[in-house]
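So the structure is just underneath, and the comments pick up after that.
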Amino acid sequence: MINIRSYDKRRAERTVTLSEGWRFIPDRDGALALEEASAALLERGIPQSVPSVWNYIPDLFDYEGVGWYCCDFHAEAGKYKLVFEGVCNDADAWLDGEPVISHVGAFLGFASYVELGAGGGHTLVLRVSNHTNVENTIPASKCDWKRYGGIIRPIRLTPLPADHIDGMRLTYELSEDMKSANVHIRVEFYGKNTGKYTLRINGEVSREYELLSGENEIDLELSEPELWDVGASSLYSFTLENESDSETVRTGFKRVGIEDGRITLNGKPITLKGVNRHEEKHDCGHALPYSVTVGDMDLICELGSNTVRGSHYPNSRDMLDLCDERGILFWSELPLWQYTETQASEPMIIENAMRMGREMVLENMHHPSVFVWGLHNECETETEAFRLLSGQLFDLYRSLDPSKLITFATDRALDDICLDYCDFISVNRYPGWYAKGVDEWYSFIAALRDRAESLGMKDKPIVISEFGAGAIHGYSSPYKVKWSEELQSDILSRSIDIFGELSVAGILVWQFADIRVSVERALYRPRCFNNKGLVNEDREKKVGFDAVKAALARIE
Ligand code: ADA
C-alpha cells in the first residue's frame, strides 16, 4: 500500500514540489491522444503554476471537460515516489511518455512509484477531467458549489533509496483510564532481506527494529500519553529511520464517544460549536494558498469554534494540519451531495463511493483533529437504496478506523430510515430562511426526539449540522429585509439561543465564507455566490460574525 503523505523532515528536505513551469491546454472535445496533446502543449501551452484551477484563464471561467498539463523538471536517475495530493476530478499521468497512474475522484490523494532510468530532463504530463453527470460521478453535476477543474493540491516527487519503507499506518487503543496507549504500527519494507530501523517518538530513540521484506507490525505501549484535546494540541511523531531512509507519522491520542445523549471527548461531554467551511475562495477556487487557510483558521478560532465540518469533501493537508495544531475538531466527508435513490443504486457510484471512502479514511485517519467520518449529505435516506449504501459505508469506516464516530447530514430526519448508521444524528434545516420562522426549531426538535425514542435511539445526540441565512456583505436594512446583514445576524443568533435552550449536542453554522456556485443556480443565488457566509468571499466580516461569536459564547 502506498501512503500519500509523509511528514518526515528528512524526506521533506529531499522532496521536490513540482509547482512551476507548467503549461496547460483545454481539450474541448476530450479527443486528444498523448502525442497530440504533448505537441499542442509545446506549441501553445498556457503557462501555469500548480496548484491552481483552470477557471481563471481567460475564456475558461465556466469550462468543464478535459485539460492537459505538462511540466519539465530535472532529476537524477533512481527510484521516486510521485504523489498527487488532489486534482479536480479525475487524472491520467504519464512520465517521459510512459503511463504512471490514473485516478478517479476529486479531493483525494494518489501516488505511484516511478523509476527514472537516466538523470537529466524529464516531462510529466497530466490529462485532467472535471466532467460530472447526474448519473454516476462523485461529485455529480448537481451541487451547490462551483465545479472547478485543475490540479488543486501539490504534486511532489520524493527520491527513495533502493531499500526503503512506505505506507506507515498507526492505530492505537487507550486504556480505560487513558493513562496508557497500545500503539500498533504497520509498515511495508521494500528490500531484499531485512532492514534495521530505529523508532523515534518525538525525536527520542525508542528502540531498534529489524524489518522484514513485506509487511511488518510493531506493537508498543506508551505510558501517560498527553491527550490531544480541543484547544490543547498534543502531537506525537513516530519516525522509523536508518542512515539512508526515514518515514514519519504525526498523530495525537484522544477518545471520542457517546454517553447519555452527549458527544464526549476524552471522557468529558463537549458541545460542538463551529462552522461548515468549503475549501474555496473566489479568486483561486479550491487551490488555496497556505496563507488563506491560516487566515481562515484565525477567523474560525476568533469565532470561538471548536469544530469545522469540511463540507462537502475531504480537505487539504494544510487544513487538517492546522486543525491538529490548533486543537479544532474536524468532520470529513465524501462529496455525495443530495444523491437520489437512483444514484445510490448505480453500481459505479457504489463502487466509487466505497473506494473513495477507503481512500479518505486511510489518507486522513492519523490526524487527531478528525473525529467523525461523514457518509453523505442530504441524500434520499428515506429509501432502501440509501439504507444499503449507508450500511456499506458505515461498515467500511468502522472496520478501517473504529476510533472515530460516524454520522451523515440529513434534511429528512423525521422520515429517515438510516439513522442507525450514525453515532449522532445530524440535521440540516433552515427555518427563518427558506421556510417558516426560527421558532419552528422547537417543534422540529421535539418531533425528532420523539422519533428517536420510538426507534430506540433516545440517547443519540442531535447535532445541528447546518442552519443559516444569506446576506450580501454591506447590504444593511433596518427592516431586516431578505439578504440584509441584519436579517442574517438575527436568524443566526436567535437560532443559537434556541439550540442552547434545547441542549443540542452541536451547532455548526452554514457557512464560514461566501462561495461561488455553479452557473445554473445563479437565478436564486445573487452574484452566483452562496451568500450564507459569516464573512464574504474576501473574508470581510458581516454583522452576523460578532453576533454568532457572542451567541456561541453563551453556549456551555
Ligand atoms: C444544503 C446543503 C448546502 C447548501 C445549503 C444552502 O443544506 O447541504 O451545501 O447548499 O443547503 O445554502 O441552501
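The values are calculated or read from the model by the stated rules, or taken from the named source; none is laboratory data. Worth saying up front: this structure is predicted, and the values here are computed from it rather than measured. Every residue, glycine as well, gets a Cβ built from its backbone with ideal geometry; the counts of neighbours run over all protein chains shown. Just the protein is used for accessible areas: all its heavy atoms, side chains included, with ligands, DNA and RNA removed. Shrake-Rupley method; radii C 1.70, N 1.55, O 1.52, S 1.80 Å.
Numbers below:
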item	result
Selected residue [more than 15 Å from the ligand (Cβ to nearest atom), under 29 Å from residue 414 (Cα atoms) and either open to solvent by less than 50 Å² (accessible area, probe 1.4 Å) or not in a helix (DSSP H, G or I) (or both)] from 468, 533, 500, 474	500
Residue list for the stretch 362-405, filter: acidic (Asp, Glu), more than 16 Å from the ligand (Cβ to nearest atom) and closer than 21 Å to residue 505 by Cα	none
Test: residue in the stretch 452-465 that is closer than 26 Å to residue 310 by Cα and open to solvent by 70 Å² or more (accessible area, probe 1.4 Å)	yes
Given (1) within 27 Å of residue 81 (Cα to Cα); (2) touching a Ser or Thr at 6+ places or on another chain (Cβ under 9 Å); (3) open to solvent by 30 Å² or more (accessible area, probe 1.4 Å); (4) not aliphatic (A, V, I, L, M), number of the condition residue 135 does not satisfy	(1)
Subset tally (residues that are open to solvent by less than 10 Å² (accessible area, probe 1.4 Å) and either part of a loop (DSSP other than H, G, I, E, B) or within 24 Å of residue 439 (Cβ to Cβ) (or both)) for the stretch 511-530	5
Pairs where the first residue, in the stretch 306-318, is in contact (Cβ under 8 Å) with a residue 24 or more places away in the chain and open to solvent by 10 Å² or more (accessible area, probe 1.4 Å) and the second is hydrophobic (A, V, I, L, M, F, W, C) and in a loop (DSSP other than H, G, I, E, B), C-beta under 6 Å, 6+ apart	306/230
Considering residues of the stretch 304-320 that are within 24 Å of residue 505 (Cβ to Cβ) and more than 16 Å from the ligand (Cβ to nearest atom) only, the residue farthest from the chain's Cα centre (by Cα)	304
The listed residue being at pLDDT 95 or above, surrounded by fewer than 20 Cβ atoms within 10 Å (Cβ to Cβ) and under 30 Å from residue 305 (Cα atoms), out of 358, 429, 387	358
Hits in the stretch 364-384 (condition: within 23 Å of residue 346 (Cα to Cα) and open to solvent by 10 Å² or more (accessible area, probe 1.4 Å))	378, 380, 382, 383, 384
Subset tally (residues that are open to solvent by 50 Å² or more (accessible area, probe 1.4 Å), within 15 Å of the ligand (Cβ to nearest atom) and of a type in the set (A, V, I, L, M)) for the stretch 406-426	0
Of all residues making up the stretch 28-62, the number that are more than 29 Å from the chain's Cα centre (by Cα), touching a residue at least 40 places away in the same chain (Cβ under 8 Å) and surrounded by fewer than 18 Cβ atoms within 10 Å (Cβ to Cβ)	1
Inter-residue pairs, beta-carbon under 6 Å, first closer than 30 Å to residue 139 by Cα and in the stretch 73-97, second open to solvent by 50 Å² or more (accessible area, probe 1.4 Å) and in a strand (DSSP E or B), 6+ apart	81/113; 83/156; 92/102; 92/127
Subset tally (residues that are within 16 Å of the ligand (Cβ to nearest atom), part of a helix (DSSP H, G or I) and open to solvent by 10 Å² or more (accessible area, probe 1.4 Å)) for the stretch 477-491	1
